[in-house]
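A quick write-up on the structure given underneath.
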Amino acid sequence: MDASEALELADSLALAFRDNPLNRAVIRGSAARRVRSNRYGMRATLAAAGGRATVLVPAIQAGAGLGGLIALAPGGWPLPPPPVFAQLEYWFGQGFGTLRRWGKAYHALAELHPTEPHWYLQLLGVAPEARGRGIGAGLLEAWLEDVDREGASAYLETDRRENLGFYNRAGFEVVGAEEILGTPIWRMGRPPH
Ligand SMILES: CC(C)(COP(=O)(O)OP(=O)(O)OC[C@H]1O[C@@H](n2cnc3c(N)ncnc32)[C@H](O)[C@@H]1OP(=O)(O)O)[C@@H](O)C(=O)NCCC(=O)NCCS
């Protein structure tokens, strides 16, 4: 993925997560502010992921503009801090309150992260106007083919109840439910297939 595709993917993921409950609880403010703030977070995540992550985008024209999937192979979590420039952009772009709340959510979930080797679904998002067309399920299936080829387990967190059935159909089961910043979060695991 070249730099402009990475920016396009960051923008589409920023939009995809705009209305998620945890996003609202952490960022607060208007929808436009959440997208702006998310953009810094997504860019920093992609910069931190560097060559370590599996990044999948829809195999159709302008795919990176519709969303994508970022997954970390066993041992790849947690990501290292992003390069300094991306880190500065992230700090100044987010504001102190948002940074503090993201930190709180991250640490609460990090403590519950499985210790045995597993693939981690860091992010999966599809732009709102492109949903319900099978793009998300297609990305998930393509990634899980790799996971299954390795006979590995997989893990994710989600803050949308509607996503439970979506992930359940792909073989994930709820392994825990938490409340972070007043938002329900489900942790889901998938044993080796
Ligand atoms: C979860 C998500 C990635 C699914 O992507 P998607 O491309 O809409 O997924 P699909 O079209 O493959 O399937 C979505 C399911 O919702 C149904 N659906 C229909 N219209 C929909 C719509 N407008 N929006 C969302 N889902 C819709 C689909 O029919 C499908 O159900 P089915 O498998 O029973 O047919 C997407 O909703 C999203 O980006 N959500 C916000 C970010 C998020 O929560 N990501 C997951 C974090 S772990």
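Quick one: which residues, 5 or more positions from Gln122 or on another chain, have an amide H under 5 Å from its amide H? H modelled 1.01 Å from N in the peptide plane, none for Pro or chain starts.
Ile70, Ala71, Leu72
Tell me, what are the semi-axes, in whole angstrom and largest first, of the equivalent ellipsoid of the chain as set by the roots of 5 times the Cα gyration tensor eigenvalues? Could you put the intermediate results ahead of the total?
Working: eigenvalues 109, 77, 60 Å².
The equivalent ellipsoid of the chain has semi-axes of 23, 20, 17 Å.
Please say if the range 59-166 is rounded, prolate or oblate, where rounded means a/c under 1.5 for a ≥ b ≥ c the square roots of the C-alpha gyration tensor eigenvalues, and otherwise the choice is prolate for a/b larger than b/c and oblate otherwise? Display every interim value, and only then the final one.
On the way: a/c = 1.68, a/b = 1.23, b/c = 1.37.
It is oblate, given that a/c is not under 1.5 and a/b is not larger than b/c.
What nm distance separates the two modelled labels at Ala108 and Ala59, each placed 7 Å from Cα along Cα→Cβ?
That separation, rounded to one decimal, is 3.9 nm.
May I ask for the net charge around Ala142, where only other residues with Cβ less than 12 Å from the Cβ of Ala142 are counted and Lys, Arg are +1 while Asp, Glu are -1?
On the way: positive: Arg149; negative: Glu141, Glu145, Asp146, Asp148.
Result for the local shell: -3.
State the extension gain, in nm to one decimal, for the chain segment bounded by Val174 and Ala142, taking 0.36 nm per residue of separation less the distance between their alpha-carbons.
Details: separation 32, 0.36 × 32 = 11.52 nm, distance 2.13 nm.
Contour length minus the Cα-Cα distance gives 9.4 nm.
Give me a comma-separated list of calculated 3J(HN,Hα) values for the range 135-143, in order, Karplus coefficients 6.51, -1.76, 1.60 applied at θ = phi - 60°, integers in Hz, x for any Gly or Pro.
Karplus values, whole Hz, x for Gly and Pro: 5, x, 5, x, 5, 4, 5, 4, 5.
Can you check what the net charge comes to around Ala16, using other residues whose Cβ is under 15 Å from the Cβ of Ala16 (Lys, Arg +1; Asp, Glu -1)? Numbers along the way, then the final one.
Details: positive: Arg18, Arg24, Arg34, Arg36, Arg39, Arg43, Arg131, Arg133, Arg160; negative: Glu8, Asp11, Asp19, Glu129, Asp159, Glu162.
With Lys, Arg at +1 and Asp, Glu at -1, the net is +3.
Contour minus end-to-end for Arg160 and Ser30, with contour as 0.36 nm per residue of separation and end-to-end as the Cα-Cα distance? Please report the intermediate quantities before stating the final value.
Numbers: separation 130, 0.36 × 130 = 46.80 nm, distance 1.96 nm.
The span from Arg160 to Ser30 would gain 44.8 nm if fully extended.
Since every read-out is calculated from the coordinates, none of them should be taken as a lab result. Everything numeric here is computed off the predicted structure, so don't read it as measured data. With ideal geometry, Cβ positions are generated from the backbone for all residues, glycine too; neighbour counts draw on all protein chains shown.
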